[in-house]
Number of protein chains: 2
Amino acid sequence: MQDTPTQVLNRLKRDLPAGSTHAQPGAGLLFLREEELRVAQDMMFFAMRDITAAPLAILSEFGLGRAHHRTLHWIGRKPGLTVGELLAFLGITKQSLTRVLGPLIRDGYVAQTAGAQDRRQRLLTLTEKGQALERRLFDCQRDRFLAAYREAGGPAVEGFRRVLRGLTLKQGRDYIDSLDAHRSRGAR
Amino acid sequence: MQDTPTQVLNRLKRDLPAGSTHAQPGAGLLFLREEELRVAQDMMFFAMRDITAAPLAILSEFGLGRAHHRTLHWIGRKPGLTVGELLAFLGITKQSLTRVLGPLIRDGYVAQTAGAQDRRQRLLTLTEKGQALERRLFDCQRDRFLAAYREAGGPAVEGFRRVLRGLTLKQGRDYIDSLDAHRSRGAR
DNA sequence: CTATTATGACAGTATAGCTTACTTATCTAC
DNA sequence: GTAGATAAGTAAGCTATACTGTCATAATAG
């Protein structure tokens, strides 16, 4: 099989990051900028892959998976949230959630109570057992985040947050901003 | 069904972020730190969810999914990489990759050529068609990252990168550092 | 009373991962 | 040159996590 010119060129570029392959003088700035953005994607991929690995291993001991982790996380973050709110956070369908929430309720990690004003709603909370599991999962990640934060330093952390906020759409931003507002009012 | 005290307490905390619920004077610092780390997880989740949404929509037009996106991304990033290297980046098994790579090769997005020194290896490259698709996917995300970077500013971007690097394990760090080394040697 | 809403349930499909095991081609070392 | 190691491909079968569509129930809102 004869190689196409593209394939030959690509072979030569092997192990060289894309930003270093340009030779034209004028293309430099544009090229670097694109490379920079590609690196950002690389890093997001790596960080996400490595952050979720440890909790996943724990969850598999209990016959649970990633979906259950996300669910436990959000119920822990906003105790008493409704099924509808949880769906909005997770960005999945009700039918998908049912099969994740079902086992969590059946095995006693999550409890449901009817809403006070609107009794159609099912307010979700973690049971003692659920809190214990969620804490165990969080502790894995806390160590990793704490190390990364300490290593990077305070201003870097602030930058990290600013960029992440910029990457998220309105719904998530509103949530983030509501946390910030609370903190600047409450703490200090 | 009678509510447990925990459920009642949780209901009251509804919509209040965890950091604002502490009343004891001494617990403040520790509590804020934990809240801060939980917010980081929230934000990583949101950013990842929102970043991947647009490319996914495009891919589904072609009968492809997330896994194909990641595969195209890495082949594009390191043209001529071997199957083994790709597996290491993706962190999945060979058998899982086969079912992702198969359609990409069959439909003419990815080409294979035997390795020059080691002819057992199959070096992977994007075809013209594959490059076009990858670029289309990247362009979605470029806009988002560019906006986030511009909004956050240069120092924030640097901090973003430092924290992300801290969150990743050795393999990913080595890769990231190799890019940085290249850039600081090559550019400027 | 009727329409809407919140939730739950059933059935089927697709994607993306996994394990285990076998084959083929090629390289390396003796 | 043969033997064993290695890179890749292949096959059968399993699991988890999403999706779609449809229907049921109960409570709220008008």
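A few remarks follow.
- Near B:Gly108, once Lys and Arg are set to +1 and Asp and Glu to -1 for all other residues with Cβ below 14 Å from its Cβ, the sum equals -1.
- Averaged over residues, the count of other Cβ atoms within 10 Å places the peptides B:158-166, B:41-49, A:127-135, B:173-181 in the sequence B:158-166, B:41-49, A:127-135, B:173-181, highest first.
- Distance in nm between pseudo-label sites at B:Arg106 and B:Leu87 (7 Å out along the Cβ direction from Cα): 2.1 nm
- Those aspartates and glutamates that a straight Cα-Cα span of less than 14 Å connects to A:Lys94, excepting residues fewer than 8 apart in one chain: A:Glu85
- Count Lys and Arg as plus one, Asp and Glu as minus one, and take only other residues whose Cβ is under 11 Å from that of B:Ala156; the net charge is then +3.
- Subset of B:Lys129/B:Lys170; A:Lys78/A:Lys129; B:Lys78/B:Lys129 violating a 26 Å alpha-carbon distance limit: B:Lys129/B:Lys170
- Global form of the range A:51-188, assessed from the alpha-carbon gyration tensor, a/c cut-off 1.5: oblate
- Mean per-residue shielding of peptide A:169-175 is 4, counting Cβ atoms of other chains within 10 Å of each Cβ.
- The overall shape of the range A:53-120 is prolate: from the C-alpha gyration tensor, with semi-axes ordered a ≥ b ≥ c, the ratio a/c is 1.5 or greater and a/b exceeds b/c.
- Note on B:75-86: average number of Cβ atoms from other chains within 10 Å of each residue's Cβ is 4.
- Peptide-level mean, for A:147-159, of C-beta atoms on other protein chains within 10 Å: 6
- With label points defined 7 Å past Cα in the direction of Cβ, position B:Ser96 shows copy-to-copy spacings of 1.7 nm, given to one decimal and shortest first.
- Rounded FRET efficiency, nearest 0.05, which uses the C-beta distance separating A:Arg173 from B:Asp139 and R0 of 22 Å: 0.45
- Farthest toward positive dipole pole in the range A:53-152 [+1 Lys/Arg, -1 Asp/Glu at C-beta], among A:His68, A:Thr113, A:Pro103: A:Thr113
Read-outs: derived from the displayed coordinates by stated rules, not from any lab. No experiment lies behind these values; they were computed from the predicted model shown. So basically every Cβ, Gly included, is an ideal-geometry build from the backbone, and we count neighbours across all protein chains shown.
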